[in-house]
């Protein structure tokens, strides 16, 4: 019974993910994670950390950690962006790690900015067969020890941003469709299919200048499964801090609550996602976001001007 429960949880989780990679609840916050064309877009140093604990209460439940940083590169004007990210994803006996470099080129177009981004990736997959309680330990279909493998991968993305009003983008993750061979004898293989993602958002101004509503949507598919996410947030922009609260909805999968604040460039967010498939309200997903932003626009006049104390 315990084995059947674990298998059932694994099937539900893979369906909810709709692809090889973890599906974070806060899709709107992790722009460059989903699309490399967003790297260095805001002329700021942007450092983010995210930790997701999915299906809490189940043994072997997925846990995902992401560390991402991107910034503009100011050569020949602020048209270039670069980034670096590390992802560690664990689900049951599987572990998936990614080290990624990002590059984006931005160009003014029609009053907004068009961007194209690429992301070479080192993909590392592991499978610990000692974690399994197989009926037949000699079954060659399952590795009996901890086996690992790696492969080169590549992502590409396009994006258009119109001021701070709206954006739309599309990306292909795992463009090369790598096959990762595990172990010294390479007898086990993990196949990763390309994932197609479409994302967009719109900011709606309200009568009160400190409030606005942000709407974001994303659809991703590996042509076998799919997942859609919609979120709606009320934003408050104060003199010293910013606050937000809202809801997210993924059709046939989950609903969730989003909360967060921004204070002096430090961003902290929390979300709780409840699965609608009958798993239980207390067995949802906790997700924590921590970020830091710092303005790097060296072309602004009147910024970073100092006098030597010896001349005062």
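Derivation of every value follows stated rules applied to the coordinates shown; laboratory data play no part. Just so we're clear, the structure is a prediction, and the values are computed from it rather than from any experiment. Every residue, glycine as well, gets a Cβ built from its backbone with ideal geometry; the counts of neighbours run over all protein chains shown.
Approximating the spin labels as points 7 Å out from Cα along Cα→Cβ, the residue 53-to-residue 242 distance works out to 2.8 nm. FRET efficiency for residue 255 and residue 225, Cβ-Cβ distance as r, R0 = 22 Å, nearest 0.05? Computed FRET efficiency for residue 255 and residue 225: 0.70.
Measuring between their Cα centroids, the stretch 22-92 and the stretch 202-276 lie 16 Å from each other. Mean silhouette area of the stretch 2-297, derived from the convex hull of its C-alpha atoms and averaged over all directions, reads 16.4 nm². Distance between the pseudo-spin-label points of residue 292 and residue 150 (7 Å out from Cα toward the beta carbon): 2.7 nm.
Entry note, the stretch 2-297: relative contact order of 16 percent, from Cα contacts under 8 Å with a spacing of 6+ residues. The Stokes-Einstein estimate for the stretch 228-276, based on a Kirkwood radius over Cα pairs and taken at 25 °C with 0.890 mPa s viscosity, is a diffusion coefficient of 212 µm²/s.
Neighbour counting of Cβ atoms within 10 Å sorts the residues 42, 229, fewest neighbours leading, into 42, 229.
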